[in-house]
There are 2 protein chains.
Amino acid sequence: MRVEHQTSSRERARTAAAPIPPPSADTVRIIPLGGVEEIGRNMTAIEFGNDIFVLDCGFQFREEETPGVDYILPNTGYLEERRDKIRGLLISHGHLDHIGGIPYVLDRIGNPTIYTRRLTGKMIQKRQEEFAQTTPANIREVEKDEVIKLGAATIRFFGVTHTVPDSMGIIIETPWGDVVFTGDIKLNHDNGQPSDEEVREFGVFKNRKVLCLLMDSTNVWQPGFSIPERNVYETLENIVKNSHGRLIIAMFASHLERLIRVVHFAEKYGKKIVIDGRSMRTNIEIARELGLIKYKDDTVVAVENLAQYPPERMVILATGAQGDEFASLARIGNKSHKYIRLQPTDTIVLSSSVIPGNERAVQKLKDNLSRQGAHIITYHASDVHASGHGNREEAVWIHKQVKPKFFVPLHGYHYMLRVHADLAEELGVPAANTVVPDNGSVIEITKGEKIVKTNHKAPSELRVVEGHTVSELSDVLMRDRKALGQEGFCVVVATVDRRSGRLHKSPDIISRGFVYLRDNKELMDQTRLIIRKSVEQSMRNPRSADLDAAREDLADSVARFLLQRTMKRPIVIPVIVSI
Amino acid sequence: MRVEHQTSSRERARTAAAPIPPPSADTVRIIPLGGVEEIGRNMTAIEFGNDIFVLDCGFQFREEETPGVDYILPNTGYLEERRDKIRGLLISHGHLDHIGGIPYVLDRIGNPTIYTRRLTGKMIQKRQEEFAQTTPANIREVEKDEVIKLGAATIRFFGVTHTVPDSMGIIIETPWGDVVFTGDIKLNHDNGQPSDEEVREFGVFKNRKVLCLLMDSTNVWQPGFSIPERNVYETLENIVKNSHGRLIIAMFASHLERLIRVVHFAEKYGKKIVIDGRSMRTNIEIARELGLIKYKDDTVVAVENLAQYPPERMVILATGAQGDEFASLARIGNKSHKYIRLQPTDTIVLSSSVIPGNERAVQKLKDNLSRQGAHIITYHASDVHASGHGNREEAVWIHKQVKPKFFVPLHGYHYMLRVHADLAEELGVPAANTVVPDNGSVIEITKGEKIVKTNHKAPSELRVVEGHTVSELSDVLMRDRKALGQEGFCVVVATVDRRSGRLHKSPDIISRGFVYLRDNKELMDQTRLIIRKSVEQSMRNPRSADLDAAREDLADSVARFLLQRTMKRPIVIPVIVSI
């Protein structure tokens, strides 16, 4: 796969128009480049002195407003103009909303060295191999208790709880105190009491002076504590232990901690495992390579050998709990899976919540699965899933450990950030010490005393990946796609005699996605009349006729007529051939 | 508004192909015509002897799979062929998923008399007035303790708890016992204990012999009890009582019970009300007309007079809690509301959950509102909303009152019906006495002893409303719209000399929703070469050339080339004009 970058003239003009001066010597600049007006495409730049440190580089999957687009990237325009100052790309953990942008962005920002923990590094490496990049990524492994020097700064790390191993927070020491970035975070609490490990990791803040906290806000609007992952493990262990038929557990391949546990439970209770899903297999293999998971070779069996084992000894790990059309579970559901046909004694565990936008697909999946008589366990009735992001009370604990002077909420839609900012105020950070950012906000902390959102704005237009191409999002394109997806289009072809100005033959009408014209002979005939009338009117003085104006009039007349008759607004493409 | 019905030849052929004989004399036939493979468009036919009784007539809003469609209707083909046997259309309550189909369907099924309670009748009437129907609806009001004779049957009603007043269940007496239909239902319980009124209403089943229960399954998959509406009232009362700034409460206009309560609370605490939303105003007016709500004339003030009152005395009832683009709350959010500009002292209550599919719109709404500093209260952190459908334990209580011999779960996706069927089995209905239906399933209970899903199937193709037209859903149309919404289209126009077989001039390329061709001059030029090559190849023997084949080849060549270059699959429309 080769990545092309398109720079439109519009983009060039804009970038050139707003030069942002470097921060003054007494200033720490913080610029969220993605992830603060959405969930996903997380990326933040920290700049002071002559150095820029980049935190994470994720992408986001397409949304309703960006039909046909593959991914949305952070806008790295600010960094591209300051490549020489970038001292490193620091990655908190290996999820796509934190590493997904790397293959598309790395070259553009000057291929800085990537600093991250072992598993994350491997995951990044694996993805890079799928892209035919010219320059290979330069990855430097760090450990959570390591201290490194980058540019003029000292950088430290601390372990955090999320749903993938090797998740970490990042501490950047500045002359005015630490800038602390949590990455994605929850607590592995027991009735509200964080684990010993978490207490130990956050112990690092006992004697530190924290200038500013940058923190995940995804679930802070949810009251109380999140379900701790340990509860999920207990539930899943019981299900594995007690299953009397085949057990199919569907979850994200990225929930690697949980995958590791399930493999362990299966082995503990003498069961065999089928791993059905490429991303899942890849992740489990990486984890095994790194010693994060250990299992006997014969514990994992190939899906084609499934029938050789008694059903009550089989645990099938499957992808597709979000209803993804081509994933393992969807194929099981619609009976197109090559090796797995459901039986009424099968139990299916959907070990995931439903990502907004996927409800209909998941509903269809559940309908398909239950039609075949299988028993389905979801997180509604049983603790088979927990989010990787902490709720309000977990945020409270974290804030109390870090005790920041200033606060900038990250990771979430504006409303989520706002709720998090309100919480910080309740916990004692004065409102004036908090900034709720937008993507591209240039935030400055001066002399360690004052935080402001400056009037500058880093480039923040949406950049999107479509096929092989990275380009700036085109509003026109999106608007056209949305219209086409609802109303369709209609091409009208008129061949006109250039001397007489008369139509040569009956005009052609070709439509797709509009209404079924074949069933609407009367509508077709009337439209032909409209076309003839419009074109012959425009061409009544053939010599002086303006073909462009004639096309425009034709499109208008046809569109108006079709709207009136059908209440639909297809895009009308007028073709007039003058011969 | 005039409604046209289109009958495609396909539809006519299919209907004619599968004649279903009338039920034999000892049989009760039950046919769910909509609402059992989806949430919405509820409609069920009960047939025995020479009579058909139709229960509800809803519609469903469009789904991801039906882009551009306005509404989806139940397929009434079965009823249309048996109009003479229809004794009445019985409506359980006034929500659109139970009455929305009436204006589109009533004529087609022979304009049967509608039997329903007072408020529901008014709501149906109000909607009918928006349609220029030839025949007016014939509505006969019934009360919940009324007993009516229709055809050879006796019909009774009972009051049920839902979120709109005058909700009722329906009892159809057959020679073998009652067919009982609950409509939408939850319990107004107090810690799991149903209200006295509910105990009284269900008392009717003490001495009845229930042949078959047909029941709402929407939330039966949720464990425990739902939040009772009384908790929501308490929460809202407290919020109204204690608000120190303007209070904006957004909810469905159809949650009429709750609207009535909020108006009452406002008056109780000396506040004024603005009703901002047409549907809300209509519903409150109907309720007032019928005496379901009483308030002083000067309690409700016009939105344009809002500024005349102190903020802490204002309660604004607004539509648009689902993020609907043109509703009151969205206009407040994007600052386009004519009279309401948010202030940081305003509180906004979103008294609704988020309907699947609306998450993104609601998120955007919350972002817009919180950007203006208003405080937002949602159901996540506070009991400001409860569903109108009961959870599992409420279903348990209802089943125990009704004690049916046979059971057919209605209202829900297949998975939900399946969960409800499993519950019925746990409660003592043998598995053989339950049928989980599909839309169009012809279910028969014979001699009151045996229930079967027969091999017959009533017409069940999706019928959709688009603009003025009701027609059968076209798979091709939907597929084209989905493709166009992602990939766009491309029209290529080649003018070819009929004698030489050569292109007359450089071909034209017009695209929309594909990629930005203007930014892709190289791609344009290469595509032109491909067009020229393909057409001239097809036309190399101009006399014997097949224009249709030439068009097909042209589309193929261009599509293949564009896919390879862009990874996009636009719909390619080839236009070859031979002159």
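The values are calculated or read from the model by the stated rules, or taken from the named source; none is laboratory data. Note that this is a predicted model, so its numbers are computed, not measured. We place every Cβ from the backbone using ideal geometry, glycine too, and count neighbours over all the protein chains shown. Accessible surface is based on the protein model in full, side chains and every heavy atom, while ligands, DNA and RNA are left aside. Shrake-Rupley method; radii C 1.70, N 1.55, O 1.52, S 1.80 Å.
Which residues, counting only those in segment B:488-504, are surrounded by fewer than 24 Cβ atoms within 10 Å (Cβ to Cβ) and within 10 Å of chain A (Cβ to nearest Cβ)?
Of everything in segment B:488-504, those that are surrounded by fewer than 24 Cβ atoms within 10 Å (Cβ to Cβ) and within 10 Å of chain A (Cβ to nearest Cβ) turn out to be B:VAL491, B:VAL493, B:THR495, B:HIS504.
If I filter segment A:459-485 down to residues being outside any helix (DSSP H, G or I) and of a type in the set (Gly, Ala, Ser), which single residue comes out as farthest from A:GLU38 (Cα to Cα)?
Of everything passing the filter in segment A:459-485, A:GLY467 is farthest from A:GLU38 (Cα to Cα).
When you go through (1) open to solvent by 20 Å² or more (accessible area, probe 1.4 Å); (2) touching a strand residue (DSSP E or B) at 6+ places or on another chain (Cβ under 9 Å); (3) of a type in the set (D, E, K, R) one by one for B:GLU237, which number turns out not to apply?
The number of the failed condition is (2).
Among the residues in segment B:121-129, are any of a type in the set (Gly, Ala, Ser), in contact with a strand residue (DSSP E or B) (Cβ under 6 Å, 6 or more places away or on another chain) and buried (at least 21 other Cβ atoms within 10 Å of the Cβ)?
Yes, segment B:121-129 contains a residue that is of a type in the set (Gly, Ala, Ser), in contact with a strand residue (DSSP E or B) (Cβ under 6 Å, 6 or more places away or on another chain) and buried (at least 21 other Cβ atoms within 10 Å of the Cβ).
Please enumerate the residues belonging to segment A:486-517 that are farther than 30 Å from B:GLU65 by Cβ and not in a loop (DSSP other than H, G, I, E, B).
Answer for segment A:486-517, where residues must be farther than 30 Å from B:GLU65 by Cβ and not in a loop (DSSP other than H, G, I, E, B): A:VAL493, A:ALA494, A:THR495, A:VAL496, A:LEU503, A:ASP508.
In segment A:518-529, what count of residues is obtained for those that are within 11 Å of chain B (Cβ to nearest Cβ), over 20 Å from B:ARG551 (Cα atoms) and either in contact with an Asp or Glu (Cβ under 6 Å, 6 or more places away or on another chain) or not in a loop (DSSP other than H, G, I, E, B) (or both)?
2
Okay, residues lined up against (1) polar (S, T, N, Q); (2) open to solvent by less than 10 Å² (accessible area, probe 1.4 Å); (3) modelled with pLDDT of 95 or more:
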{"residue": "B:THR134", "(1), (2), (3)": "yes, no, no"}
{"residue": "B:GLY151", "(1), (2), (3)": "no, no, yes"}
{"residue": "B:GLY169", "(1), (2), (3)": "no, yes, yes"}
{"residue": "B:GLU173", "(1), (2), (3)": "no, no, yes"}
{"residue": "B:THR182", "(1), (2), (3)": "yes, yes, yes"}
{"residue": "B:LYS186", "(1), (2), (3)": "no, yes, yes"}
{"residue": "B:ASP196", "(1), (2), (3)": "no, no, yes"}
{"residue": "B:GLY203", "(1), (2), (3)": "no, no, yes"}
{"residue": "B:LEU214", "(1), (2), (3)": "no, yes, yes"}
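Can you name every residue in segment B:29-70 that is open to solvent by 10 Å² or more (accessible area, probe 1.4 Å) and aliphatic (A, V, I, L, M)?
B:ILE39
So, of the residues in segment A:71-89 that are in a loop (DSSP other than H, G, I, E, B) and open to solvent by 10 Å² or more (accessible area, probe 1.4 Å), which turns out to be farthest from the other protein chains (Cβ to nearest Cβ)?
A:ARG82
Which one is nearest to the chain's Cα centre (by Cα), of the residues in segment A:370-390 that are outside any loop (DSSP other than H, G, I, E, B) and facing another protein chain (nearest Cβ under 8 Å)?
Taking the candidates together, the pick is A:ILE376.
Which residues, taken from segment B:549-577, are of a type in the set (Asp, Glu) and within 25 Å of A:THR469 (Cα to Cα)?
B:ASP556
If A:VAL210 satisfies all but one of (1) modelled with pLDDT under 95; (2) more than 23 Å from A:PHE59 (Cα to Cα); (3) touching a helix residue (DSSP H, G or I) at 6+ places or on another chain (Cβ under 6 Å), what's the number of the condition it fails?
Unmet condition: (1).
Identify all residues within segment B:391-437 that are under 27 Å from the mean Cα position of the chain (by Cα), of a type in the set (A, V, I, L, M, F, W, C) and more than 24 Å from B:GLU197 (Cα to Cα); write none if there are none.
Matches in segment B:391-437: B:PHE407, B:VAL408, B:LEU410, B:MET416, B:LEU417, B:VAL419, B:ALA421, B:LEU423, B:ALA424, B:VAL435, B:VAL436.
Please go through segment A:529-561 and give me each residue that is in contact with a strand residue (DSSP E or B) (Cβ under 7 Å, 6 or more places away or on another chain) and within 24 Å of A:GLY513 (Cα to Cα), ordered by number.
Correct list: A:ILE531, A:ARG532, A:ARG551, A:LEU554, A:ALA555, A:VAL558, A:ALA559.
Condition (residue is under 24 Å from the mean Cα position of the chain (by Cα), more than 30 Å from B:GLU64 (Cα to Cα) and open to solvent by less than 50 Å² (accessible area, probe 1.4 Å)) applied to segment A:298-313: is it met by at least one residue?
no
Looking at segment A:411-429 only, could you name the residues that are within 20 Å of A:LYS450 (Cβ to Cβ) and touching a strand residue (DSSP E or B) at 6+ places or on another chain (Cβ under 6 Å)?
Result: A:ALA421, A:ALA424, A:VAL429.
Answer yes or no: is there a residue in segment B:15-24 that is modelled with pLDDT of 95 or more, more than 20 Å from B:LYS453 (Cα to Cα) and open to solvent by 10 Å² or more (accessible area, probe 1.4 Å).
No.
For segment B:267-367, which strands (runs of 3 or more DSSP E) that fit wholly inside it have 1 or more residues that are polar (S, T, N, Q) and not assigned by TED's automatic domain parsing to the domain that holds B:LEU119?
B:347-350
Out of the residues in segment B:43-70 meeting the condition of being assigned to a strand (DSSP E or B) and of a type outside the set (A, V, I, L, M), tell me which one is farthest from B:GLY169 (Cα to Cα).
Applying the filter and picking the extreme gives B:PHE61.
Tell me, please, whether a residue that is outside any helix (DSSP H, G or I), under 47 Å from the mean Cα position of the chain (by Cα) and either assigned by TED's automatic domain parsing to the domain that holds B:LEU484 or within 30 Å of A:VAL470 (Cα to Cα) (or both) can be found in segment B:530-545.
Scanning segment B:530-545, I find no residue that is outside any helix (DSSP H, G or I), under 47 Å from the mean Cα position of the chain (by Cα) and either assigned by TED's automatic domain parsing to the domain that holds B:LEU484 or within 30 Å of A:VAL470 (Cα to Cα) (or both), so the answer is no.
Looking only at residues in segment A:427-448 that are of a type outside the set (Ser, Thr, Tyr) and not in a loop (DSSP other than H, G, I, E, B), which one is surrounded by the fewest Cβ atoms within 10 Å (Cβ to Cβ)?
A:ALA431
With B:ARG560, B:ARG565, B:ARG551 as the choices, which residue is out of contact with any Lys or Arg (no Cβ under 7 Å at 6 or more places or on another chain), within 10 Å of chain A (Cβ to nearest Cβ), open to solvent by 40 Å² or more (accessible area, probe 1.4 Å) and closer than 27 Å to B:ARG479 by Cβ?
Going through B:ARG560, B:ARG565, B:ARG551 in turn, the sole match is B:ARG565.
Could you check A:ARG127 against (1) modelled with pLDDT of 95 or more; (2) of a type in the set (D, E, K, R); (3) over 30 Å from A:ALA483 (Cα atoms) and say which number it fails?
A:ARG127 satisfies every listed condition except (1).
A quick yes/no check of all residues on (1) in contact with a helix residue (DSSP H, G or I) (Cβ under 9 Å, 6 or more places away or on another chain); (2) crowded, with 23+ Cβ neighbours inside 10 Å; (3) more than 21 Å from B:GLY245 (Cβ to Cβ):
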{"site": "B:LEU350", "(1), (2), (3)": "yes, yes, no"}
{"site": "B:ARG360", "(1), (2), (3)": "no, no, yes"}
{"site": "B:LEU410", "(1), (2), (3)": "yes, yes, yes"}
{"site": "B:GLU425", "(1), (2), (3)": "yes, no, yes"}
